[in-house]
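Below is one structure, written out as C-alpha cells; the observations come after it.
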Amino acid sequence: MAFSSPISPSYSCHLSSDFNLKAKGNKLNKIYPFSLLQRSPFLKVDFSSQWERRESSKFSISAPVTSKEYSLDGALENTQLPKGDCWSVHKFGGTCVGTSERIENVAEIITADQSERKLVVVSAMSKVTDMMYDLIYKAQSRDDLYLVALDAVREKHKLAAVDLLDGDDLASFLSKLQDDISNLKSMLRAIYIAGHATESFSDFVAGHGELWSAQLLSSAVRKNGVECKWMDTREVLVVNPTGSNQVDPDYLKSEERLEKWYSNNPSKTIIATGFIATTAQNIPTTLKRDGSDFSAAIMGALLKARQVTIWTDVDGVYSADPRKVSEAVILKTLSYQEAWEMSYFGANVLHPRTIVPVMQYDIPIVIKNIFNLSAPGTMICRSSGNEYEDGQKLESLVKGFATIDNVALVNVEGTGMAGVPGTASAIFSAVKDVGANVVMISQASSEHSVCFAVPEKEVKAVADILESRFGQALSAGRLSQIAIIPNCSILAAVGQRMASTPGVSATLFTALAKANINIRAIAQGCTEYNITVVVKREDCVRALRAVHSKFYLSRTILAVGIVGPGLIGGTLLDQLKDQTAVLKEKFNIDLRVMGITGSRTMLLSESGIDLSRWRELLSLKGEMADMNKFVHHVRGNHFIPNTVMVDCTAESDIASHYYGWLHRGIHVVTPNKKANSGPLDQYLKLRALQRQSYTHYFYEATVGAGLPIISTLRGLLETGDKILRIEGIFSGTLSYIFNNFTGSRAFSQVVEEAKEAGYTEPDPRDDLSGTDVARKVIILARESGLKLELSDIPVQSLVPEPLKASASPEEFMQQLPQFDQEMATQRQVAEDAGEVLRYVGVVDVVNGRGTVKLRRYIKEHPFAQLSGSDNIIAFTTERYAKQPLIVRGPGAGAEVTAGGVFCDILRLASYLGAPS
C-alpha cells in the first residue's frame, strides 16, 4: 500500500547542507533528556526531614547528559539528514495502539507503506495518559492507592509486550519497563511526601506512556523485517512554554537536534514519541492535550515531508457531528483555514495549532480511519480555488458546521459607552484578569453595547469582576446594565467559498427561522470564513440539523404527530405508508410519524412508527392518551428540527390547542373547521401569530377536501384581484343528495342511500342542518377579509323542525319519510320552471354578508350539471367578472380529504427546504 497525495509540495529529497557542526561546537553536548535505551540517573531528591521540607517542596528535575556523548568527529562521519518528498509522516492515536492486536495492525500498515522514508509518531496506549495523570493526582492527594494504580499501568504494558514480543526483545522491554516503574515509584513517592507536583514533575510522569508505546511499536515493526529506530522526541523537540497552558516550538533548535539525532541514528523508518518534548533548559515537558497531532505536524515541517497522515477511528472530517446529524457527510478536502475555523469551534478535526507547522510548507494533512482502510479520508491542504470540476459544483458553499455547548452571553451596555475610547479594552482586560476565555465577540456599530460569549463555568467570575470594575459607571448611569444570558450554545458555519458569495447568511438565517429558532447574537469575521450565531442550548441540535439540511440538501425531516386515527386520519396514515419510500428517494422528504393519538389511546415512537403495522401497534402497545405528553414527545426529538401536528378530528377542544402549538414552533395541518370558523377574536389571534412567525398553519382541506379552494382564493388576493362573490356547493353529501333527488324518488330514500354509501355523518342531521356548509362559508368570508361570526350567517336547515329533537339517528330516519311531500313540492316547482334544486353557500363580499340555503338554478348552469358527490365553487372577481373562475371536483370521502391533508404536509416540507 502506498500513501500518496495528489497535492505534493515541490520539495525533492536532499541532504541538509546548513548544519555546520564545527560552528555549533559543543553546544549540543548537554541537551539530551531521558531515554530508555540510553539511561542515566535522572533524579536526586534531597530532604533532611520530610516534615521540614514539606512546606518548601523544592524538588527539581532536569534532563541528564546521555551516556553516549556526541563528538564532532563522530557526527561528521555519520549520515546527514535528507529532507523533502521522500518522507511521509504518520501519527497513530491512542485508540490505534490501544491493544497488542492494534499495535500489530499499525506495524503492518507501516510495513506496507511504500514511501522511501517514514517517520511515525505514536501516542500512548488508549487511556494510559489518563492513568498517568491519575497517578499524579493520587500521589499528591497522599492516596496510597497510587501504588496499586502504578501496578495496573505496568501490568497493561507487560501483557501487551508478552503478546507482541518474544526472546531478547521481550526481555529487554520488560527490563526497561521495570526500571521505569521503579523510577516512577520514586518520583511519585517524592510527590506523595511533598503533597504537590510541579508542572515538570507531572509532565515527566505523564509522558511515559508514549515512551513505552513507541518501543513496543518499533519492536513489532522490526519483527516484520523492517529495520527501524525509535526516537525519544525529548531529545529532539524544543519548546518554549507560554502563559496559556500551551507551548511554542523552537524550530531552529529542534532542527539542529533532529539533524544531530539522525546523524547518529540513521534509518528509513523512525518510530517517534508524540506528546513529549523538552524546554530550552532541557526540562522535560509536554505539548499538552492533542500534543501527538502537534508532534506529527512539527516533525512533518522539520522534514519538509510530502504528507502527514493522522490515523484515527473515523473515516475523516464530517460536515457536522454525526452523533447529532445522521446525514453528515465526509468532506473530501478542507483548506487549512477551514480546518482551523472548525477546530476552534469544537469540531473533531485537529487542534488549530496542529495546522500551523505544515501550512508554511504546504504539506497536506490527511485524516484516515485505521479501521476502514478503504475510506479515502479527508485531506487538509491549501485551497486550490477551483470552484467547479467538469462543470459540476464540488461541494457546498458551507463546508461544515460545528457547535460549542455550555456557554453564556455577557452583555455590557449603556449610552456612556458610545464614542468613549478604551471601553472595550477595559472590559476585556477585566475578563483576562480572571483567566476567562472569550469565545465570541459581537458589537453593534452604535457602540451602545458589547456582547461576548464565555464558557458557562467562567461566567460568574466574569460578572463579578465587571460589576466591581464598572461599579461607579453603573451607579452614575453611564452603563445601564451588565446582563448574563445563560444556557447558550454557539453554532458556526465554516467555508472558504462563503467569502464574497451573496446569500449565504440569508440562507443560514432563513433555515434557522423556519425551524423557529431565535438567534441571540451574531458574529462574522471580515475574512467571511465563518458565520457564528448564539442560540438557546435546547435549540442547538435542531439548529444544527436545520442549517445542515439546507446547505447539504439532506432530507427535509418532519416529525409528524397524527391526532385522530379515525376514517380520515387512518386513511392518511395508509397514504403515508404507501408514499414514504418514494418521498425519501425522489423528493428528499423524510416524514417520521412519531406519535398517533385518539381520544383514549396513543402510540409513541422514538424513531418513527412502522406504518405498515400502526393499527396493530396502537392496539398492542398503545398507552392512555395524554395530549401534553403526546405533544412533548413528538416535538421532543431534538434530532428532527421541524414538527407538525396533523389534526384529523372535528373536535373544538383539539382546535383550541393550535395557538399554543404554533407559539411553540409546531406547524399545524388540519381538515378540522372548528378553529377557523370559531369565535372571531380567537381566529384573528391565531392568524396574527401565524403571519408574524415562520410557523405554518395549513387548512386547505377545511373547505374543499382535496380541492384547491383556499390556495386559489389566496392566489387571487395575492395577485391583486378583488373578490366580489364566492358561491358554491360545498357539501359532497348534499351534492350527492340533490344530484340524485330526481324523478319520483323520495327525499328520505335518497338520504338513506347516501347514508348507506358513507357520504353522510353517522347522524345525517349534521349534514342536513347546513352547519358544515356555514362553517365553510365563514372560513372563505374571513379569508376574503370579512370579519363575520358564524352566527352572522343565516342558514336554511333541511331538517324538519319536529325532527330536530329526535332521540337518535335511527329515530330521525324512521320519521323523515313523513316530510317527503314538502321537499317533493319544492322539486316540482323547480322542474316546472326548468330548474334544479341545489344547496349552496354564498359569500357576498361586496355587501359583507354570507348565506346558506336551498337555491334553484337553470339546467344550463354549471351547478346544475354536477354528478355524484362533486363540489363546485365559483369565484366572481374584478378579473373574472363576466365569467367566474370555477373549481370543481370530488368534495367528500376519506380518500380525497386525506389526500388534501397530505398535500398540505408536502407543501409544508417544500416551505421548509425540500425540493419543490
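The values are calculated or read from the model by the stated rules, or taken from the named source; none is laboratory data. Computed from a predicted model, the values in this text were never measured in an experiment. When we count neighbours, we look across all protein chains shown, and the Cβ atoms used for this are built from the backbone with ideal geometry, even at glycine. Please note that ligands, DNA and RNA were not included when accessible areas were found on the heavy atoms of the full protein model with its side chains. Shrake-Rupley method; radii C 1.70, N 1.55, O 1.52, S 1.80 Å.
Structural remarks
- The Gln815 and Ala483 beta-carbon pair, evaluated with R₀ = 56 Å, returns a calculated FRET efficiency of approximately 0.20.
- Computed over protein heavy atoms with a 1.4 angstrom probe, the accessible surface ordering of His196, His448, His548, His663, largest first, is His663, His196, His448, His548.
- Each label point was placed 7 Å from the Cα along the Cα-to-Cβ direction; for Arg323 and Glu752 their separation is 7.0 nm.
- Remark on Asp590: its backbone amide H falls under 5 Å from those of Thr556, Ile557, Leu558, a criterion applied only to residues 5 or more positions apart or on other chains, H modelled at 1.01 Å from N.
- Cα centroid separation, the range 451-498 to the range 267-307 (Å): 38
- Helix axis angle, 747-756 relative to the chain longest principal axis, alpha carbon, degrees: 20
- For Glu108 and Thr242, the difference between the fully extended length at 0.36 nm per residue and the C-alpha to C-alpha distance is 44.4 nm.
- Phi-based couplings in Hz for the range 107-114 (Karplus 6.51, -1.76, 1.60; Gly and Pro marked x): 4, 5, 5, 5, 4, 6, 5, 8
- With all pairs of separate Cα atoms included, the range 676-741 yields a Kirkwood hydrodynamic radius of 14.4 Å.
- Over all projection directions, the Cα-based convex hull of the range 102-216 averages an area of 7.7 nm².
- Distance violations [Cα-Cα > 24 Å] among Lys685/Lys776; Lys138/Lys158; Lys584/Lys685: Lys584/Lys685
- Pairwise Cα distances in the chain exceed 57 Å for 34 percent of all pairs.
- Here, the range 583-629 yields an orientationally averaged convex hull projection of 3.9 nm² when only Cα atoms define the hull.
- Carbon and sulfur %, accessible surface of the chain computed with the full protein complex present, 1.4 Å: 49
- Estimated 222 nm signal from helices in the chain, with DSSP H stretches of n ≥ 4 weighted -39500 (n - 2.57), rounded to 500: -12000 deg cm²/dmol
- Rounded to whole Hz, the Karplus (6.51, -1.76, 1.60) HN-Hα couplings of the range 710-723, x for glycine and proline: 4, 5, 5, 4, 5, x, 5, 5, 5, 8, x, 6, 10, 7
- 3J(HN,Hα) from dihedral phi, the range 783-799, Karplus parametrisation 6.51/-1.76/1.60, rounded to Hz, x for glycine, proline: 4, 7, x, 7, 9, 10, 8, 4, 5, 7, 9, x, 10, 8, 7, 9, 8
- Difference of contour (0.36 nm per residue) and Cα-Cα distance, Glu606 to Asp362: 83.1 nm
- Computed E for Val438/His663 - FRET, C-beta separation, R0 41 angstrom, nearest 0.05: 0.75
- Alpha-carbon centroids, the range 131-196 and the range 590-661: separation in whole Å: 57
- Under the Debye formula (equal points on every Cα, no solvent term), log10 I(q)/I(0) of the range 483-603 at q = 0.12, 0.16 Å⁻¹: -0.61, -0.87
- Calculated SAXS-style log₁₀ I(q)/I(0) at q = 0.24 Å⁻¹ - the range 810-855, Debye, Cα scatterers: -0.87
- Under the simplified labelling scheme, the Ser599-Ser425 pair shows an inter-label distance of 7.4 nm, with each label point 7 Å from Cα along Cα→Cβ.
- Among Asn411, Ser769, Asn740 - extreme Cα towards positive end, dipole of the chain, charges at beta-carbon: Asn411
- Helix 680-691 and the long axis of the chain differ in direction by around 40°, with both axes built from C-alpha atoms.
- Once the C-beta distance of Thr825 and Leu684 is scaled by a Förster radius of 41 Å, the resulting FRET efficiency is 0.40 to the nearest 0.05.
- Heavy atoms of Asp721: accessible area, 1.4 Å probe, square angstrom to 10: 10
- From the largest down, the range 812-912 spans 56, 40, 26 angstrom on the principal axes of its Cα atoms.
- The range 245-317 - Debye-derived log10 I(q)/I(0), Cα point model, q = 0.20, 0.24 Å⁻¹: -0.99, -1.34
- Ranked from largest to smallest solvent-accessible area, with a 1.4 Å probe on the protein heavy atoms, Lys156, Lys859 come out as Lys859, Lys156.
- For the range 447-526, fraction of C-alpha pairs farther apart than 15 Å, in %: 69
- Amide H within-cut-off set for Arg849, under 5 Å, with H built and near neighbours excluded: Asp844
- Long-range HN-HN contacts of Ile380 with modeled amide H, under 5 Å: Leu334, Ile365, Val366, Ile367
- Heavy-atom surface of the range 249-310, accessible at 1.4 Å and reported per residue (Å²): 23
- Accessible-area ranking of His157, His657, largest first, probe 1.4 Å: His657, His157
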